[in-house]
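Novice: Here it is, the structure in full.
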Amino acid sequence: KKRGANLLYNLYFNHSYPTTDLEIQAIIGKEFPLNTLTERTTRIYSFIRGNRLKEAWALFQEIRLKEEMTTQEETWVTNSIVNISWRTRQFPSYIEEIRKKYDKKPSSELAWKIFRAYCKGGFWTEAASWGTQSIDKFGKVGRWSGSTHQLARAHMFANQYEEAAELWGTRWGEESKFYQAFCLYMAGQYDLATPKLS
């Protein structure tokens, strides 16, 4: 029984399937208490693996917003917030943290991470503006070298159709031609859109 209890304990904190811990709770009749930072952090990552992202973020916030954190907890939160906020899709928090780094030492790579997070979060106006500013500042280097279609999509989803059409027009391929025509149409430039769509 002791060995079985240890195995259940370890499985509760180290599983991937989203209902494993619920089954274990049913077997023992209660949740395991979270008494240590290791238990809390391991629980967060098991939630992430099981795609229970809201629960993972809530537990992270529980640690982060404690009135009196230990030095170990403070260090862990500082070192983990970027990773946890990205993996739980808390993009505003992720952007806030990356912006702090960017403000201290701007780089093309950090600018790209911010742009990508704006896109992932569906903040299309911000993505379009940030992407345009970043290419103006850093040029098409690194991650930005093949980013025209992503920037064009950001402008398109932000309803900035003229800018999007211009960007789509710089690319090759049938998909890009279609999106250029579509954006011209949405911008009301029917005389240019119609022959392209035809």
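The values are calculated or read from the model by the stated rules, or taken from the named source; none is laboratory data. Since the structure is predicted, the reported quantities are computational estimates derived from the model, not experimental observations. Backbone-built Cβ (ideal geometry, glycine too); neighbour counts: all protein chains shown. Just the protein is used for accessible areas: all its heavy atoms, side chains included, with ligands, DNA and RNA removed. Shrake-Rupley method; radii C 1.70, N 1.55, O 1.52, S 1.80 Å.
Novice: Starting from the Cα-Cα distance between Ser107 and Glu162, subtract it from 0.36 nm times their residue separation and give me the gain in nm to one decimal. It would help to have the intermediate numbers written out before the result.
Specialist: Numbers: separation 55, 0.36 × 55 = 19.80 nm, distance 2.86 nm.
Full-extension gain reported as 16.9 nm.
Novice: Pop out the carbon and sulfur fraction of the accessible area of region 43-195 as a percent, whole number, probe 1.4 Å.
Specialist: Answer for region 43-195 is 50 percent, counting heavy atoms of protein chains only.
Novice: If you take the beta carbon distance between Gln61 and Ile27 as r and set R0 to 30 Å, what does 1/(1 + (r/R0)^6) give as a FRET efficiency, to the nearest 0.05? It would help to have the intermediate numbers written out before the result.
Specialist: Numbers: r = 29 Å, r/R0 = 0.96.
So, using R0 = 30 Å, E works out to roughly 0.55.
Novice: May I pose another question? Counting pairs of Cα atoms in the chain, how many percent are more than 23 Å apart? Please report the intermediate quantities before stating the final value.
Specialist: Values: 11535 of 19503 pairs.
The proportion of pairs with Cα distances above 23 Å equals 59 percent.
Novice: Moving on to the next point. Treat every Asp and Glu Cβ in the chain as -1 and every Lys and Arg Cβ as +1, leave all other atoms uncharged, and give the resulting dipole magnitude about the Cα centre to the nearest 20 debye.
Specialist: Numbers: 28 positive and 22 negative charges, 141 e Å.
Rounded to the nearest 20 debye, it is 680 debye.
Novice: Place a label point 7 angstrom from the Cα of Leu7 along the Cα-to-Cβ direction, then list the residues of region 22-52 whose backbone nitrogen is under 20 Å away.
Specialist: 22-30, 32
Novice: Another question about this same structure. Under 1.5 on a/c is rounded, so check that first for region 55-163, then, if it is not, pick prolate when a/b is larger than b/c and oblate when it is not; a ≥ b ≥ c are the square roots of the alpha carbon gyration tensor eigenvalues.
Specialist: Details: a/c = 3.26, a/b = 1.97, b/c = 1.66.
Prolate.
Novice: Counting only helical runs of four or more DSSP H residues, what would the 222 nm mean residue ellipticity of the chain come to if each run contributes -39,500 (n - 2.57) and the total is spread over all its residues?
Specialist: On the way: 12 runs with 144 residues, N = 198.
Calculated from helices alone, the mean residue ellipticity at 222 nm is -22500 deg cm²/dmol.
Novice: For region 1-107, what is the largest minus smallest coordinate of the Cα atoms on each principal axis, given in angstrom and ordered from greatest to least?
Specialist: Projected onto the principal axes, the Cα atoms of region 1-107 cover 56, 28, 20 Å.
Novice: Continuing with the same structure: Pop a pseudo-label 7 angstrom from the Cα along the beta-carbon direction at both Asp191 and Thr71 and give the gap in nm to one decimal.
Specialist: Label at Asp191, label at Thr71, 7.3 nm between them.
Novice: To the nearest 10 square angstrom, how much accessible area does Leu8 have with a 1.4 angstrom probe?
Specialist: My reading of the accessible area for Leu8 is about 50 Å².
Novice: Which one, Thr170, Gly4, Thr75, is farthest towards the positive end of the dipole of the chain when Lys and Arg carry +1 and Asp and Glu -1 on their Cβ?
Specialist: Projecting each Cα onto the dipole axis, the largest value belongs to Gly4.
Novice: What's the magnitude of the charge dipole for region 55-104 around its Cα centre, counting Lys and Arg as +1 and Asp and Glu as -1 at the beta-carbon? Answer in Debye, nearest 20. Write down the numbers at each step before the final one.
Specialist: Values: 8 positive and 9 negative charges, 74 e Å.
I would put it at about 360 debye.
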